[in-house]
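The next block holds one structure in the form of structure tokens; read it before the comments.
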Amino acid sequence: MSFTYAGTSTANLAGVTAVLQEWPSLGGHTIESTAVTGKDGRFFHDSTRVATRFVFDVIIEGSTPQQTGERRDAFTRLIDPAQGPRSLVLDADSGWIYHDVLVAEEITWTRMTWERGLGFRLRAQVAFETQGDPTARQLDPDVLTGTGSLTYTHTLGTTSAYPTLSFAPLTAQTSYDIRIGTHELAISRFASWTGNHRLVLDYEHMAFHLETSAGQRVASAVRHMSNYQRPALHQGQTYQVSVTPERPFRFHPNARRA
């Protein structure tokens with residue numbers, strides 16, 4: 001199984017073979033709990049997922065020692081952590097992308113074969129770890145559209161998600177009522193509303209603003225919101241999403257895979 005890092009696939013690197021050895025789920029998962037004194041049981045406090053770790057078995061080969069060394073160097077340049085965290089896609093799971101991934105530890109190359117006629121091969125374990133959110137996102141995210149309302153069942157990914165809702169407001173409207181399942185929100189009118197602006201409520205990044213058709217932010221929506229509670233989409237649950245007064249809108253589930 002090859003991988004794509006920062007847009008370059010190891011399958012396109014001459015003489016490089018990368019096989020995933022550890023394919024994690026619920027990466028970096030920990031649970032905080034306390035034993036119940038005198039009873040059989042525990043109090044559950046919290047659970048966290050702090051990082052996702054991927055370990056690859058990498059083989060680099062060439063027809064000469066020099067060629068093998070050059071290919072090793074090309075591979076090392078690709079994954080060099082000095083370039084900062086970058087994206088990782090597992091080629092067998094190519095619909096999902098992990099952001100902000102870095103090499104997690106030193107790489108030690110060992111010789112498999114090093115003889116003319118047999119070839120010149122180096123082998124090492126290469127470990128990556130997520131530096132930000134440990135979950136994967138859809139590489140090509142789903143976008144739903146509705147006029148006034150839509151019904152959505154969250155079946156994508158493997159864990160809960162935080163959606164984004166956007167629509168172009170009416171300039172004469174004094175307020176809007178938003179509903180995402182049981183989550184309710186009132187938005188009061190912006191003095192700067194125009195027909196070219198779009199209201200964006202991004203609960204994945206907790207970013208709320210007006211933006212132009214080109215995506216440029218022009219005003220914060222925070223002081224116009226009745227609350228800052230974060231709606232979550234849970235696996236297998238169905239949600240009614242609505243904008244009142246009725247407006248065409250876009251709804252991004254922002255599906256995640258743990």
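Data table
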quantity: Label zone at HIS99 (point 7 Å along Cα-to-Cβ), backbone N below 20 Å, the stretch 142-180; calculated: 142-144, 156-167
quantity: Ranked list, fewest to most other Cβ atoms within 10 Å of each Cβ, for SER192, SER2, SER149; calculated: SER192, SER149, SER2
quantity: Coil-residue GluC sites (Glu not before Pro) of the stretch 73-130, DSSP, other Cβ within 10 Å capped at 14; calculated: GLU105, GLU106
quantity: 28 Å tail of the calculated P(r), the chain, as % of Cα pairs; calculated: 52
quantity: About the Cα centre, charge dipole magnitude for the chain (Lys/Arg +1, Asp/Glu -1 at Cβ), debye; calculated: 360
quantity: Proxy reagent accessibility, fewest Cβ within 10 Å first, across HIS197, HIS205; calculated: HIS205, HIS197
quantity: Calculated on alpha-carbon atoms, Rg and Dmax of the stretch 171-220 in Å; calculated: 11.4, 32
quantity: Computed FRET value (nearest 0.05) for SER175 with ALA92, which takes r as the C-beta separation and R₀ as 51 Å; calculated: 0.60
quantity: Angle between the chain longest axis and helix 65-79 axis [Cα atoms, degrees, rounded to 10]; calculated: 20
quantity: Loop sites in the stretch 135-236: chymotrypsin sites (Phe, Trp or Tyr not before Pro), DSSP, at most 12 other Cβ within 10 Å; calculated: TYR228
quantity: P(r), alpha carbons of the stretch 141-257 - 10 Å bins starting at zero, rounded %; calculated: 14, 49, 31, 6, 0
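Only the coordinates and a few stated rules stand behind these numbers; no lab work does. No experiment lies behind these values; they were computed from the predicted model shown. Positions of Cβ are generated from backbone atoms using ideal geometry, with glycine treated the same way; all protein chains shown enter the neighbour counts.
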